[in-house]
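Comments concern the structure below.
Derivation of every value follows stated rules applied to the coordinates shown; laboratory data play no part. Here the structure is a predicted model, which means the values were calculated and not measured. Note that each Cβ is placed from the backbone with ideal geometry, even for glycine, and that neighbours are counted across all protein chains shown.
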Amino acid sequence: MSADLPTTALSRGPAGTFPELAARYLEEYLDKIRLSVERLDGDELWWRPAPRTNSAGNLLLHLAGNLSLWILAGLGGRPYQRDRAGELAARGGDGAPRGDELLARLARVVEACRQVLEGLEEADLAVQVDVQGYRVDRLGALFHAVEHMGYHTGQIVWIVKQLHPEDGLEFYPRHAGE
């Protein structure tokens, strides 16, 4: 695939297990986020469409926190203390993380998630875990984390399309006109 297009989970062929498919989707979403956020300057990274909404910067912090809590801690047993309110309250300006720093942080988390998922067997998905006040099986926790990243990936892409409509940010040009 072109360097300007994300490698999709589906384009990689059948996955052997649900954890493998989930890892592929996390990687696809990270790629879409990277291709989007690279278009933003420092002010745009922290732009909010309305006062009570989130910026792309907030969403990058939030995704790193959510994946760390739900997959690294919830499925992988790694200790993690989260500041969810801080993720969503952060603002740009002097001393605020840059886009490349936030992307690198999220990439490290996604890679660590992939490693946790590599170690899971299908039977492990039935094990009950407690995450963020919820008692769920690991399958539910994993499904939640992947869906959550997909949801916020769409928001980040929308922000970039609002700020740079001339870019024509398009991930699936082969489906144009269908």
Point to revise | Residues (touching a Gly at 6+ places or on another chain (Cβ under 6 Å) and either surrounded by fewer than 19 Cβ atoms within 10 Å (Cβ to Cβ) or closer than 23 Å to Arg39 by Cα (or both)) located in segment 103-130 | key: Val129
Study note, to complete from the structure: Listed by range, helices (runs of 4 or more DSSP H) wholly within segment 1-95 having at least 2 residues that are of a type outside the set (Asp, Glu) and closer than 21 Å to Glu147 by Cβ are 18-37, 56-67, 84-89
Study note, to complete from the structure: For segment 47-64, the count of residues that are without any contact (Cβ under 8 Å) to a residue 60 or more places away in the chain and more than 10 Å from the chain's Cα centre (by Cα) equals 7
Exercise for review: Pick out the one residue from Gly140, Gly74, Gly92, Gly86 that is under 26 Å from Lys161 (Cβ atoms) and either acidic (Asp, Glu) or surrounded by 12 or more Cβ atoms within 10 Å (Cβ to Cβ) (or both).
Suggested key: Gly92
Point to revise | Which listed residue, of Val160, Val110, is in contact (Cβ under 8 Å) with a residue 24 or more places away in the chain, within 20 Å of His62 (Cα to Cα), more than 13 Å from the chain's Cα centre (by Cα) and outside any loop (DSSP other than H, G, I, E, B) | key: Val160
Practice item. Please indicate, with yes or no, whether at least one residue in segment 112-122 is closer than 27 Å to Arg48 by Cβ and either of a type outside the set (Lys, Arg) or in contact with a helix residue (DSSP H, G or I) (Cβ under 7 Å, 6 or more places away or on another chain) (or both). Key: no
